[in-house]
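Presented below is the structure to which this report refers.
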Amino acid sequence: MKSVIIVGGGLVGALHACFMAQRGFKVDLYEMRPDIRTLEVVRGRSINLSLSARGREALRRVGLEDIVVQTGIPMYARMIHDVDGTRRPIPYGKKDQYIMSVDRRHLNEVLLTEAEKVPNVTMHFEHKVMECDFDKGTVSFRKNDGSVVTATADLIVGCDGAFSGVRQQIMKKTLFDYEQVFIPHGYMELNMPPAAGDHFAMEVNYLHIWARNEFMMIALPNQDKTYTCTLFMPFDIFRTLTTKEAVRKFFQDTFPDSIPLLGEEYVTETVSTSKALPLISVKCSPYHVKDKAVILGDAAHAMVPFYGQGMNCGFEDCIVFDDLLNKHNNDIGATLAEYTETRSVDAKAIVDLALYNYIEMRESVNSRMFLLRKKLDNF
Ligand code: FAD
């Protein structure tokens, strides 16, 4: 039985564990955080995410599409909020086409639980990757008590996110091209409660967008009838919003219809006291080292979230990898070489598209040409 060490038990690592376990590999998954299924509060990135066709296909392959879709909320169109309070929908495609708002934590938990159902899977939480030896196929991890353990496998897979420790090891030890960009915009999440009578505060099957050219706010619905709103804005503007009065004026000028929905006290307090988080974009190559290691998901291609494809693309990585293992009859060396060759080109294109879509979301949805084009598309 071939063995694999997966570093990172986030969305992509947990899904990849399902793929590898179902293939019959011996899987050891190492995650630096505690098991999120045991935590009351999970800190981290966006609370919900949009799941699209490529992500659903990957979930279908491991038998999880139905269980995830049951708890998601379809979004058939963008709902644009103008400053004067006008709302206008812009469909994503034909009437029955939609993307889906899913809860990040729930999705991660479902994936971990599914992977663990297979007896050849062992999970090791609170293990942080320290060093990899790509000749021997070993990885050493620091546990929370300070002790270090070393594991060996036929394949090491880095699914440890945008600041990947496995990628750092590859960078130190091989010839590796790497490019990272922090964009001038940060993000801050706000929670919009249900309206009186326990209803959604806005039309539910939409991804709401307040597009204001230089910045924007979006909102995705949650199962508990709340919305998670995300404010994307240059850090320079966030830095001016340090008092409640400044936030009140800013929201009155730019997102006036959102104030009663979010609650004036909540929004002024939260924005004036919270820190906006950075957004990183990563391109690199190759994705693999000999026949020993590979990186998937954000570790290989972190992208800004404006195309809603970071996770979806990471999920698609798992499909591409699985198909190549089939094609090469589980020959790891041949699979890794073809994986880098085919996947890095596509992933780099999506990283660029994600940056482009920021302009479309915050600016072009307001332009006459865009509206005309959409009208014709939907005719
Ligand atoms: P991560 O989710 O970052 O998981 C990495 C895991 O590795 C974590 O559990 C971490 O604890 C662990 N880890 C890290 N370092 C180590 C280490 N040294 N040792 C051991 N373990 C380690 N994508 C979409 O498709 N749709 C969306 O709508 C969407 N919205 C987004 C909104 C925002 C605001 C942001 C920031 C991102 C969004 N994304 C979206 C992108 C998406 O979040 C990522 O693409 C996705 O989380 C990548 O999954 P991953 O498993 O590769 O990395």
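Any read-out appearing in this document is the output of simple, stated calculations on the displayed coordinates, not a laboratory observation. Here the structure is a predicted model, which is why all the values come from computation and not from measurement. Please note: Cβ atoms are built from the backbone with ideal geometry, for glycine as well, and neighbour counts cover all protein chains shown.
Just to be sure I understand: with springs between alpha-carbon atoms less than 10 Å apart, which residue in Ile237, Ile209, Ile332 has the highest mean-square fluctuation in the Gaussian network model of the chain? Ranking Ile237, Ile209, Ile332 by mean-square fluctuation puts Ile237 first.
With R₀ set to 22 Å, the beta-carbon distance separating Arg239 from Phe163 gives a calculated FRET efficiency near 0.40.
The stretch between Arg43 and Thr138, if pulled fully straight at 0.36 nm per residue, gains 31.2 nm over its current Cα-Cα span.
Per-residue extension of 0.36 nm, minus the Cα-Cα distance of Ser272 and Thr71, leaves a gain of 69.0 nm for this segment. Once C-alpha pairs closer than 8 Å and six or more residues apart are averaged by separation and normalised to the residue number of the stretch 198-279, the relative contact order reads 22 percent. Legend: ranking of residues Glu57, Glu338 from fewest to most surrounding C-beta atoms inside 10 Å; resulting order Glu57, Glu338. Considering only alpha-carbon pairs that sit under 8 angstrom and 6 or more positions apart, the relative contact order computed for the chain is 20 percent.
Among the trypsin sites (Lys or Arg not before Pro) in the stretch 81-126, those located in a DSSP loop and surrounded by at most 12 other Cβ atoms within 10 Å of their own Cβ are Lys94, Lys95, Lys117. Could you work out which residue, out of Ser258, Ser101, Ser147, moves most in a Gaussian network model of the chain, that is, has the largest mean-square fluctuation with Cα springs under 10 Å? Result for the chain, Cα springs under 10 Å: Ser147 fluctuates most.
Computed from backbone phi with θ = phi - 60° and the Karplus coefficients 6.51, -1.76 and 1.60, the 3J(HN,Hα) list for the stretch 147-152 is 6, 10, 10, 10, 10, 10 Hz; x is used for glycine and proline. The stretch 325-362 and the stretch 208-227 have Cα centres separated by 29 Å. Computing FRET efficiency as 1/(1 + (r/R0)^6) for Asp224 and His328, where r is the C-beta to C-beta distance and R0 is 35 Å, gives about 0.20. Working note: 222 nm ellipticity from helices only, DSSP H runs with n ≥ 4, each -39,500 (n - 2.57), summed and divided by the residues of the chain, gives -11000 deg cm²/dmol to the nearest 500. Applying 1/(1 + (r/R0)^6) with R0 = 30 Å to the Cβ-Cβ distance of Leu353 and Val148 gives a FRET efficiency near 0.15. Size of the stretch 250-372 from its Cα atoms: along the principal axes, largest to smallest, the extents are 60, 39, 21 Å. Its relative contact order, with pairs defined as Cα atoms under 8 Å and 6+ residues apart, puts the stretch 1-63 at 33 percent.
Here the gap between Asn120 and Glu265, fully extended at 0.36 nm per residue and compared with their Cα-Cα distance, gives a gain of 47.1 nm. Note on Met130 and Ile280: the model spin-label points, each 7 Å out from Cα along the C-beta direction, lie 2.2 nm apart. Global dimensions of the stretch 1-132 from alpha-carbon coordinates: Rg and Dmax equal 17.8, 63 Å. About the centre of its Cα atoms, the stretch 107-178 shows a dipole size close to 220 debye [charges on the beta carbon of Lys, Arg (+1) and Asp, Glu (-1) only; nearest 20 debye]. For the stretch 141-222, the Cα-based Rg and Dmax, in that order, read 21.6, 60 Å.
In summary, the convex hull built on the alpha carbon positions of the stretch 102-160 has an orientation-averaged projected area of 5.1 nm².
Just to be sure I understand: with springs between alpha-carbon atoms less than 10 Å apart, which residue in Leu11, Leu277, Leu155 has the highest mean-square fluctuation in the Gaussian network model of the chain? Between Leu11, Leu277, Leu155, it is Leu277 that shows the largest mean-square fluctuation.
From least to most packed, judged by other beta carbons within 10 angstrom and beginning with the fewest, Arg54, Arg88, Arg343 follow the order Arg88, Arg54, Arg343.
The per residue volume of the convex hull around the alpha-carbon atoms of the chain is 153 Å³.
When both bridge partners sit in the chain, DSSP labels roughly 70% of those beta bridges antiparallel.
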